[in-house]
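The values are calculated or read from the model by the stated rules, or taken from the named source; none is laboratory data. Please read these numbers as outputs of a predicted model, since none were measured by experiment. A quick note on method: Cβ atoms are made from the backbone with ideal geometry, for glycine too, and the neighbour counts reach across all protein chains shown. Accessible surface is based on the protein model in full, side chains and every heavy atom, while ligands, DNA and RNA are left aside. Shrake-Rupley method; radii C 1.70, N 1.55, O 1.52, S 1.80 Å.
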Amino acid sequence: MTAKGHPKAITRLLLHLHPKKVNVQAIKFNRTFGLGGIAALLFVLLFISGMLLRFAYVPSVKGAYDSIVDLQENILFGSILRNLHYWSGMLLVVVSFLHVLRVFYSQSIYHERRKNWLYGLIIMFLVVFSNFTGYLLPWDQLAFWAVTIMTNMLSYIPFIGDALADMVRGGNEVSETTLLRFYHFHTGLLPLLMAFLLSVHFWLVRKSKGVTVQKMEEKQMVDTNPNLIYKEIFTALIVIVALLLFSMLVNAPLLEKANPLISPNPSKAPWYFMGFQELLLHIHPGFGIFVIPVLVTTFFIYIPNIKYPNLNVGQWFNSEKGKKLTILSLIFSLVLTIAVILTSEFFLDLRNWMPNIPVLISTGLLLLLLYFIPAAAFLFYLKSNQKAEKIDLVMALFTIIITAYIVMTIIGSLFRGEGMHLFA
Ligand code: HEM
């Protein structure tokens with residue numbers, strides 16, 4: 001059967017990605033919010049617009065900035081093309097993140113989907129890394145200093161930090177070698193890797209018989225075409241039109257040409273790394289850049305291996321109680337994170353209060369405990385007073401971590417000014 005009203009080639013391509021029949025529950029919009037599909041569409045848009053941008057872009061310190069200005073001012077539709085690529089890239093970070101929340105909170109990462117969660121974590125890393133390598137390419141003040149800050153942060157990793165930062169930059173400062181390195185990652189290796197991993201990701205979704213549906217939901221199968229295909233084409237059209245309109249109205253940022261001698265005040269990392277920059281304002285870098293990220297990543301990787309007695313695959317928050325406890329955890333983390341940030345900013349001076357104790361302990365371990373002890377007490381309260389089950393506790397911990405990162409990102413991006421002072 002061929003659908004009328006839209007090109008046959010697109011229908012055929014979409015049909016190849018799907019089975020002939022799909023569960024009627026699986027294609028309801030609020031099952032996935034179309035997030036995985038929108039992310040896939042954004043990847044395709046980025047690929048196409050990126051290929052076109054390559055015709056205009058000059059990957060050298062001398063030529064990069066001028067080539068972007070030339071593209072924006074003198075090439076027909078050049079500005080829209082650049083904006084479309086920029087905003088699609090930013091949106092992909094947001095949509096992929098929301099997709100992670102969707103699969104996590106709808107219990108869609110267990111049993112046969114465990115592997116896809118792990119592939120997904122690598123894809124998320126690649127999405128962010130792709131965005132970050134693209135960030136440098138315009139070679140303006142924003143790009144240069146954001147990448148300088150981020151690569152400097154790498155050097156805080158114990159033992160290998162300096163060598164790693166030098167390897168990423170191709171020297172001890174951001175230079176033409178860094179630009180070339182980022183250019184090749186951004187336009188070559190990363191898109192290739194992502195295309196490969198996304199193919200595996202889609203194949204694993206098919207292998208798990210599509211997206212999760214709840215056990216008790218009626219299992220009525222319907223034809224993929226037109227039931228799912230029409231929804232996908234409709235969503236894709238809305239996303240494309242909205243992105244085009246936005247790209248016509250809002251320009252991607254471009255400051256003056258990079259000047260390694262003058263750093264803007266404040267110098268900020270790209271917004272998705274602002275959580276780290278905020279964290280580093282409070283805690284010892286060994287903890288901020290190494291201990292905490294390693295602990296959190298290990299927890300994320302480990303989650304699907306945990307055995308739960310009452311797991312309701314496909315059910316949002318696992319149960320009504322799970323939903324209530326997740327909201328409670330969100331509020332708790334919101335309050336605790338803001339309280340710890342304000343305390344550390346305005347009251348604590350651990351380094352000077354304990355001059356004889358190594359800074360790794362005073363500004364590292366002690367500060368971590370300031371957050372960790374109330375969080376552990378809260379989880380204990382959920383378990384003993386609210387009769388939280390193991391799955392509820394895992395969701396609570398995940399929520400606390402994600403909320404803390406979002407709060408730090410917002411505070412770092414919007415509430416810090418000159419000298420990175422709060423409310424400046
Ligand atoms: C560019 C990035 C990504 C694309 C294009 C993508 C695409 C998709 C699509 C199309 C689906 C099926 C429909 C849906 O759930 O919306 C899916 C499912 C899934 N994705 Fe992703 N994904 C991406 C990133 C991620 C990340 C970062 C994770 C986790 C860390 C992840 C984990 C999963 C899992 C576990 C499923 C199975 C869900 C289920 O069966 O209900 N994905 N993905």
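Numbers at a glance
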{"read-out": "Debye-sum result for the range 1-119 in log10 I(q)/I(0), which assumes one identical scatterer on each alpha carbon, at q = 0.11, 0.12, 0.15, 0.17 Å⁻¹", "value": "-0.58, -0.66, -0.89, -1.00"}
{"read-out": "Solvent exposure, largest accessible area first (probe 1.4 Å, DNA, RNA and ligands not counted), of Phe125, Phe398", "value": "Phe125, Phe398"}
{"read-out": "Loop trypsin sites (Lys or Arg not before Pro), the range 1-108, which have at most 15 other Cβ atoms in a 10 Å radius of their Cβ (DSSP)", "value": "Lys4, Lys20, Lys28, Lys62"}
{"read-out": "Charge context of Leu367, other residues only, Cβ under 14 angstrom, K/R +1, D/E -1", "value": "-2"}
{"read-out": "When each of Lys215/Lys390; Lys209/Lys321; Lys215/Lys324; Lys115/Lys321; Lys20/Lys209 is checked by Cα-Cα distance, pairs over 23 Å", "value": "Lys209/Lys321; Lys115/Lys321"}
{"read-out": "Fraction in percent of alpha-carbon pairs per bin - 10 Å, the range 218-302", "value": "12, 19, 19, 26, 17, 6, 1"}
{"read-out": "The range 265-403 - Rg and Dmax from Cα coordinates, angstrom", "value": "17.0, 53"}
{"read-out": "In the range 279-354, the trypsin sites (Lys or Arg not before Pro) that fall in loop regions by DSSP, at most 10 other Cβ within 10 Å", "value": "Lys307"}
{"read-out": "Cα convex hull of the range 316-367 - mean projected area over all directions, nm²", "value": "4.7 nm²"}
{"read-out": "Scattering curve values for the chain, log₁₀ I(q)/I(0), Debye with Cα scatterers, q = 0.06 Å⁻¹", "value": "-0.29"}
{"read-out": "Percent accessible area from carbon and sulfur atoms, the chain, protein chains only, probe 1.4 Å", "value": "71 percent"}
{"read-out": "Hull-based mean projected area of the range 13-259, where the convex hull spans the alpha carbons, in square nanometres", "value": "14.9 nm²"}
{"read-out": "For the chain: accessible area per residue (Å², 1.4 Å)", "value": "53 Å²"}
